[in-house]
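A short write-up of the structure that comes next.
The values are calculated or read from the model by the stated rules, or taken from the named source; none is laboratory data. Note that the structure is a prediction, hence the values are computed from the model and not measured. A quick note on method: Cβ atoms are made from the backbone with ideal geometry, for glycine too, and the neighbour counts reach across all protein chains shown. Surface accessibility is based on the protein's heavy atoms, side chains included, excluding ligands, DNA and RNA. Shrake-Rupley method; radii C 1.70, N 1.55, O 1.52, S 1.80 Å.
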Amino acid sequence: MRAIVCGYGNPSRQDDGAGHVLAPMIAAWLEERGADVRLECAHQLLPELAEDLADADLAVFVDASVSGEDGNDAEDRWGAVRELAPDPVLEGANLHSMGPEWLLDLMDTLRLRRPRAVLVTVAGVSFDFADVPTPLCLSRAGKAFDVFKSFLGRPTPPGSPEAPFRPSRT
């Protein structure tokens, strides 16, 4: 199984770098289970990534979210893990606002084979200038990692591409 793990965000803006912290953990976990993994960490997603994704069976996008800015450490505030589907809508009028759903839609437009795609988000609390995420964000990244591992072992939802990978039960 070929996988591409894309961590994105600004690692110089504290919790915005959560994708750069969590993506290597996910990539290593997939490799331990026999996957051929390519790890990409960048400030933002770019259209050029569509061609690389076409060679993958699984694409995992990892990013920070602003939903945890109030510092609330409630269990449901850690972030999210969800299956992705193509969506042609941009969140803004520039490439910085291009999300993974738009990238998947671009793949459809270009008639490229689309992998199963999963988004993992980690709720951040501070996006100030600093090279290390906050302790709360790092804790939430750990929770997101655990949920991702469980999520990947579940059956694929109806209407999604066939699940190419089932982790071993170790």
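Residue-wise test of (1) farther than 21 Å from R38 by Cα; (2) open to solvent by 50 Å² or more (accessible area, probe 1.4 Å).
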site: G99; (1), (2): no, no
site: P115; (1), (2): no, no
site: V118; (1), (2): no, no
site: T121; (1), (2): no, no
site: G124; (1), (2): yes, no
site: F127; (1), (2): yes, no
site: P135; (1), (2): yes, yes
site: R140; (1), (2): yes, no
Please work out which residue is surrounded by the fewest Cβ atoms within 10 Å (Cβ to Cβ), limiting yourself to region 39-65 and to residues that are among the charged types (D, E, K, R) and more than 25 Å from P133 (Cα to Cα).
E48
Output for region 1-26, where each listed residue is of a type in the set (D, E, K, R), surrounded by fewer than 20 Cβ atoms within 10 Å (Cβ to Cβ) and in a helix (DSSP H, G or I):
none
I'd like the full set of residues that are closer than 18 Å to L90 by Cβ and touching a strand residue (DSSP E or B) at 6+ places or on another chain (Cβ under 9 Å), limited to region 29-50.
A42, H43, Q44, L45, L49
Restricting to region 27-47, name every residue that is within 12 Å of the chain's Cα centre (by Cα) and assigned to a helix (DSSP H, G or I).
A27
List every residue pair whose Cβ atoms lie under 6 Å apart, where the two residues are 6 or more positions apart in sequence or sit on different chains, the first residue falls within region 27-38 and is open to solvent by 20 Å² or more (accessible area, probe 1.4 Å), and the second residue, located anywhere, is not aliphatic (A, V, I, L, M).
R33/P167; R33/S168; D36/R2; V37/E31
Might you check whether a residue that is touching a Ser or Thr at 6+ places or on another chain (Cβ under 8 Å) and either modelled with pLDDT of 95 or more or open to solvent by less than 20 Å² (accessible area, probe 1.4 Å) (or both) occurs anywhere in region 84-95?
yes
Selection status of D73, at pLDDT below 95, in contact with a helix residue (DSSP H, G or I) (Cβ under 7 Å, 6 or more places away or on another chain), open to solvent by 70 Å² or more (accessible area, probe 1.4 Å) and charged (D, E, K, R)
yes
For the subset of region 48-65 comprising residues that are modelled with pLDDT of 95 or more and part of a strand (DSSP E or B), which member is farthest from the chain's Cα centre (by Cα)?
L58
List the residue pairs whose Cβ atoms are under 9 Å apart, where the first residue sits in region 50-65 and is closer than 25 Å to G124 by Cα, the second is open to solvent by 10 Å² or more (accessible area, probe 1.4 Å) and among the charged types (D, E, K, R), and the two are 6 or more positions apart or on different chains.
A59/R114; D63/D16; A64/R13; A64/D16
